[in-house]
1. Taking K and R as +1 and D and E as -1, what net charge do the other residues with C-beta under 11 Å from the C-beta of K427 add up to?
2. For a footprinting-style exposure proxy, rank S118, S291 by other Cβ within 10 Å, fewest first.
3. Measuring from a point 7 Å past the Cα of D327 along Cα-to-C-beta, which residues in the range 222-263 have an amide N at less than 15 Å?
4. Using amide H atoms built in the peptide plane, which far-off residues or other-chain residues are under 5 Å from V323 H to H?
5. Ranked from highest to lowest mean number of other Cβ atoms within 10 Å per residue, what is the order of the peptides 46-56, 98-108?
6. Restricting attention to the chain, give the cysteines that have no other cysteine Cβ less than 4.7 angstrom from their Cβ.
7. Take R163, project a point 7 Å from its Cα along the Cβ direction, then tell me which residues of the range 190-222 have their backbone nitrogen under 20 Å from it.
8. Considering amide H positions built from the backbone, and no H for Pro or chain starts, which residues 5 or more places from S9, or on another chain, come under 5 Å of its amide H?
Amino acid sequence: MSKTTFTCSACGAGHKKWAGRCETCGEWNSIVEEAALSTGPKKKSLGATKGRRIELSDLTTKDPPLPRAISGLDEFDRVLGGGLVPASAILVGGDPGIGKSTLLLQAAAAFARKGLKSIYFSGEEAASQIRMRANRLGLSDAPVKLAAETNLRDILTTLDAERPEFAIIDSIQTMWADHVDSAPGSVSQVRAAAHELTAFAKRRGISVVLVGHVTKDGQIAGPRVIEHMVDTVLYFEGERGHQFRILRAVKNRFGPADEIGVFEMTGAGLAEVTNPSALFLSERDAPASGSVVFAGIEGTRPVLVEIQALVAQSSLATPRRNVVGWDSGRLAMILAVLEARCGVTFSGMDVYLNIAGGMRISEPAADLAVAAALISARQDHALPTDTVIFGEISLSGALRPISQAEARLKEAAKLGFSAALAPSSIKTETSGGITIKKLSDLNDFIVEVFGNIEA
Ligand code: TYD
Ligand code: MG
């Protein structure tokens, strides 16, 4: 008897029947029909019979020196929590074309040059294509082993024989475990392959990186279905058409989550950006209304970013609320507080909010900077370019304390800012020549910065 089930390819939840929207994760069009796991006679598991040993090719070989877990790609090491933990399983997710393969080839080369035995399995590109890329990135001399392969049984056999310290599976959605009766990329295949690989990695002391494509159309399973199996989940993000790329830890058993690494995509691969604040602010010059600099913290590091708002008369019955890089629910809350507590209304106006440089912010400490950008845009009143802003807004309109004020101010001073607007509860008085204006309430803030505003 053949039985089918329905699975969400975004989150992996099982459903009895097809639906347009997954009730578990809220994703649209992600539910796909899948044959239920093997109903015929049970096939042997991958460990029971040996597969063929895969022929590995070289970039060029070199005797590796002593193994170390630091790659020397500082931004990558930091996001991992200070280097690679032996026998750990890492998931690197991201949109197709964002640069995952490039990043991991660079990481593999960096580890290999430090003496870690590294193998790169690609299920997407031919070995010759990867060699060409390595050549373009100037990595041909790195002692990385390479194979184009999708058969999981063969990959496990090879890993068992080679015993590398670092292995990359690019991508998990192309892997095919022959003991599971469904197509590569399906939820059951992706889960089974990730399970086999992580269990094997733990057993044999190999650190594995699984590359996962984020999918919008639900044709293949997204990386979220395996997030729980791995130790570390990293997402590689960026705006298409923008050269900045951010590697963000969203889960890390061996380090702080929310840590970011910043890269720039260049003609010769990903270059590390050691001073992201300077990069995110690089396009600012003359004062402009709607533009505000937020002093944020990403992971363990202070980062200054520009928040841009645009407010325009709307011709729509329901005006637009458009957000890039921030939470739209949070924007709705700030607009409601401005209206209810301060009498500043945005009804009948379209509101656009953008975090410059392709950054994404999740800190509530950005509230005050967002409010400032919104009012600045509404009033067409530019703020001084030497000022940074941070603070959380409560529903009452009070400004709430935020963490690590000192680090934020220090970063601002380093980048040449001379004034800060912050909640009154922060302890710091002055920091590195920055004049701090402390405010306890959103109304006080508005009067201080914009004077009296007519609703
Ligand atoms: P890739 O690593 O193949 O993306 P993914 O594995 O996430 O699908 O990167 C693809 C893009 O990166 C491609 O559009 C070209 C660009 N790129 C550069 O701009 N410079 C480079 O040196 C490389 C290797 C790629
Ligand atoms: Mg790729």
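1. Details: positive: K438; negative: E406, E429.
Overall, the nearby charge balance is -1.
2. Values: S118 29, S291 21.
The most exposed by this proxy come first: S291, S118.
3. 258
4. Here the answer is L353, since their amide H atoms fall under 5 Å of that of V323.
5. Values: 46-56: 14.1, 98-108: 23.6.
So the order, starting with the most tightly packed, is 98-108, 46-56.
6. C342 - these cysteines have no disulfide-compatible partner (Cβ-Cβ under 4.7 Å) in the chain.
7. Residues 197-209 fall inside that zone.
8. Those lying under 5 Å, H to H, from S9 are I31, V32.
Just so you know, all these numbers are worked out from the coordinates, no wet-lab data involved. In this text, all values refer to a predicted model and were calculated from it rather than measured experimentally. Reconstructed Cβ throughout: ideal geometry from the backbone, glycine too, with neighbour counts over all protein chains shown.
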